[in-house]
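What follows is a single structure, written as structure tokens, with notes after it.
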Amino acid sequence: MTALLEVAELVKHFPTKGSLFRAGPPLQAVAGVSFTVKRGEVLGLVGESGSGKSTLGNMVLRLDQPTAGRIVFDGQDITHVPDSALGAFRRRAQPIFQDPYGSLDPRMTVEQIVAEALVIHRLAQGRKAIRDQAAGLLELVGLNASQLSRYPHQFSGGQRQRIGIARAMAVKPELIVADEAVSALDVSIQAQIVNLLRDLQRRLGLAMIFISHDLAVVEYIADRVAVLYLGRIMEIAPARAIVRTPKHPYTEALLSAVPEPDPGRGRKRIVLQGELPSPTAPPSGCVFRTRCAYAISDCAKVVPELLEVAPGHRAACIRTGIL
């Protein structure tokens with residue numbers, strides 16, 4: 001598979017308020033992240049709140065402008081392409097948002113919501129053709145064409161997320177960025193939506209960036225997983241390798257919090273001490289060192305590189321061999 005998306009040294013800083021005459025230190029949401037997503041591949045992005053996952057997804061979709069770095073989509077550098085010239089890219093890369101309540105316009109019917117992209121991108125002509133395609137999209141996500149005339153408030157949270165997925169699929173995208181797409185739903189509904197996304201991804205050959213704080217969900221749907229902490233990738237590897245042989249202490253801590261079906265065989269719980277450091281004043285050296293049980297004095301001096309520790313498995317830790 002060839003790379004559909006290439007992200008190189010992506011950085012995003014947000015301004016902060018300071019004193020009356022001076023701006024505050026920039027908030028470093030993403031600090032030099034690089035990865036690729038192949039055609040038909042699912043890359044999971046996992047980490048705590050504040051790790052930079054959503055900001056990274058927004059930059060990939062060009063909803064946020066990067067401070068530095070490059071975004072290359074299908075061989076074209078789109079980093080600095082003006083919004084007015086991103087029409088073709090918008091059709092090929094679509095978001096699925098976290099909040100199924102806030103992401104749908106309550107004044108529009110389901111038909112209008114799903115068909116909006118068809119009209120904008122001129123993918124269907126005429127009232128009947130537009131309605132027929134909208135009906136097919138609803139059926140694709142497990143809803144009924146008879147529900148086209150209803151409004152979002154008449155649906156449950158899981159059904160609304162299905163409508164959001166149908167809207168994303170309307171333009172036949174090649175890349176989906178699903179940002180916490182199931183975190184606002186009940187656990188039983190989460191499983192249904194994740195299974196729907198996985199089925200559509202495989203059936204349609206979609207590339208996907210699946211963003212979540214839940215490593216168990218990410219492991220289920222992703223081919224590879226990147227673990228983020230304070231705007232940096234700590235570890236990236238095939239999903240099975242991340243779960244079975246983690247090489248970074250932060251990944252190990254995240255895995256220890258995943259519930260096990262058999263409590264007697266569960267991992268030893270690792271409780272991270274302290275709070276996530278402020279992104280306006282990240283620690284020197286390894287940004288995880290202030291909460292790491294294995295930290296040594298060199299961790300404050302050296303910014304660890306993301307190095308290969310096994311085939312296809314990279315970790316950013318100067319003491320990788322300890323796990």
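Every read-out reported here was derived from the displayed coordinates using simple, explicitly stated rules and does not represent laboratory data. Being a predicted model, the structure only gives us computed values, none of them experimental. Cβ coordinates were reconstructed from backbone atoms using ideal geometry, including for glycine residues, and neighbour counts include every protein chain displayed.
Structural remarks
- Packing around the peptides 169-176, 223-230, 69-76, 22-29, taken as the average count of other Cβ atoms within 10 Å per residue, puts them in this order, highest first: 223-230, 169-176, 69-76, 22-29.
- Full extension of the chain between residue 6 and residue 172 yields a length gain of 57.7 nm, computed as 0.36 nm times the residue separation minus the alpha carbon distance.
- Rounded FRET efficiency, nearest 0.05, which uses the C-beta distance separating residue 220 from residue 99 and R0 of 25 Å: 0.70
- Computed from point charges on the beta carbon alone (+1 for Lys and Arg, -1 for Asp and Glu), the dipole magnitude for the chain about its Cα centre is near 160 Debye.
- Here the chain carries DSSP beta bridges of which approximately 60% are antiparallel, counting only pairs with both residues inside.
- Of all lysines in the structure, the ones whose alpha carbon falls short of 21 Å from that of residue 53, not counting any fewer than 8 places away in one chain, are 12, 38, 247.
- Positive end of the dipole of the chain (Cβ unit charges, origin at the Cα centre): among 102, 287, 33, the Cα lying farthest that way belongs to 102.
- Packing-based exposure ordering (other Cβ within 10 Å, fewest first) of 59, 108: 108, 59
- The chain - percent relative contact order, Cα under 8 Å, separation 6 or more: 20 percent
- Ellipticity at 222 nm from helices only: DSSP H runs of n ≥ 4 in the chain, each -39500 (n - 2.57), divided by the residue count, give -8500 deg cm²/dmol.
- The distance between label points at residue 298 and residue 107 comes to 6.2 nm (points 7 Å beyond Cα on the Cα→Cβ vector).
- Gaussian network model of the chain, springs between alpha carbon atoms under 10 Å - residue of 307, 206, 43 with greatest fluctuation: 307
- Taking label points 7 Å from Cα along the Cα-to-Cβ direction, residue 133 and residue 39 give a separation of 2.2 nm.
- Of the residues 316, 211, 136, the one whose Cα sits farthest towards the positive end of the charge dipole of the chain is 136 (charges of +1 on Lys and Arg Cβ, -1 on Asp and Glu Cβ, taken about the Cα centre).
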